Amino acid sequence: IEKRNNVIRSDMIQLLMEASKGTLTDSSVDKIDVGFATTEEALKPRGDTREWTEDEIIGQVFVFFAAGFESVAGVITMCIHELALNHEVQEKLYQEILNHQQTNETLSYENVTQLKYLDCVVNESLRKWTGAIFMDRVCNKTYELPPPRKGGKPYLLRPGDVVYNMVNLIHMDEKYHPKPEVFDPDRFSDENKHKIQPFTFMPFGMGPRNCIASRFALLEIKVFIYDLVLNFKIAKSKNTSDPIRLHNNDFNIKAMGGTYVKFEPRSTQ
């Protein structure tokens, strides 16, 4: 309908239509970062372009929805679980949100970046409970990997080999993130985030095939947590697992036994 009636909207379908025709420009893509975890997203075509059918475009939109729904829901759930177990973190977050609400009255795309501690909390949730369990990449030139350990042997990668990068193992490696089992949002504070080495925090992947919707995902998580913490205190219940152990027979990130917390309405704001 948009194409037939020459309608232009700021939505994913419009971006896909422009990309398929090779007319997508940098000005069509919002460059505002909405958090430290934001990746460089690109829909600009590389090389030859082809005309996409409407069914192919609709299929891509469906994939975006299906791929993003469960992963975002999982991060939100684990973040809520962590806030129930870490009262001091939750209280510090609540004070920031309350101050923001009193100053701005509403959360918007333009002022979400003012919530520094919210960004820290979301980043720490993405580090500890990332939905990107692994990244797969295809090798395009010969490269020799060094020995993985003392006494080990190097490994020669050849074009066409598939390399699996275990993201959550890097996120939980004490070499890169001290005390990785501890939920510590201050790792991502302005004073500390410079200590995070490149390619050691990649909840949305890295490189030209990173997550195409990192901004959207971060906004979803932040809006949800903002409204929830503003209006409810998240408390442990008798069924809240502590410490958190992951479900071991599910591809998605979820706590073993589920996530159970109590929501207590805040009496004053």
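Going down the list Lys116/Lys222; Lys193/Lys236; Lys92/Lys222; Lys175/Lys236; Lys141/Lys195; Lys150/Lys193, which pairs span over 20 Å between their C-alpha atoms?
Over 20 Å apart, Cα to Cα: Lys193/Lys236; Lys175/Lys236; Lys141/Lys195; Lys150/Lys193.
Pull up all non-local amide H partners of Phe232: gap of 5 or more, or a different chain, and H-to-H distance under 5 Å with H placed in the peptide plane.
Placed amide hydrogens put Arg266 under 5 Å from Phe232.
Roughly speaking, to the nearest percent, how much of the stretch 175-269's 1.4 Å accessible area is carbon and sulfur?
Roughly 55 percent of what the probe reaches on the stretch 175-269 is carbon or sulfur.
Applying the Karplus parametrisation 6.51 cos²θ - 1.76 cosθ + 1.60 with θ = phi - 60° to the phi angles of the stretch 112-121, what ³J(HN,Hα) value in whole Hz is obtained for each residue in order, glycine and proline being reported as x?
For the stretch 112-121, the Karplus curve yields 4, 6, 5, 7, 5, 6, 4, 4, 4, 5 Hz.
By its C-alpha gyration tensor, with a ≥ b ≥ c as the square roots of the eigenvalues, how is the stretch 87-227 shaped: rounded for a/c under 1.5, else prolate for a/b larger than b/c, else oblate?
In terms of gyration-tensor shape, prolate.
Tell me the per residue accessible area of the stretch 93-144 using a 1.4 Å probe; a whole number in Å² is fine.
Per-residue value: 49 Å².
Which whole-number value in Å² is the accessible area per residue of the stretch 197-250, probe 1.4 Å?
Normalised by residue count, the accessible surface of the stretch 197-250 is 55 Å².
The values are calculated or read from the model by the stated rules, or taken from the named source; none is laboratory data. Bear in mind the structure is a predicted one, so any value in this text is a computation, not a measurement. To get the accessible areas, we keep the full protein, side chains included, count just its heavy atoms, and leave off ligands, DNA and RNA. Shrake-Rupley method; radii C 1.70, N 1.55, O 1.52, S 1.80 Å.
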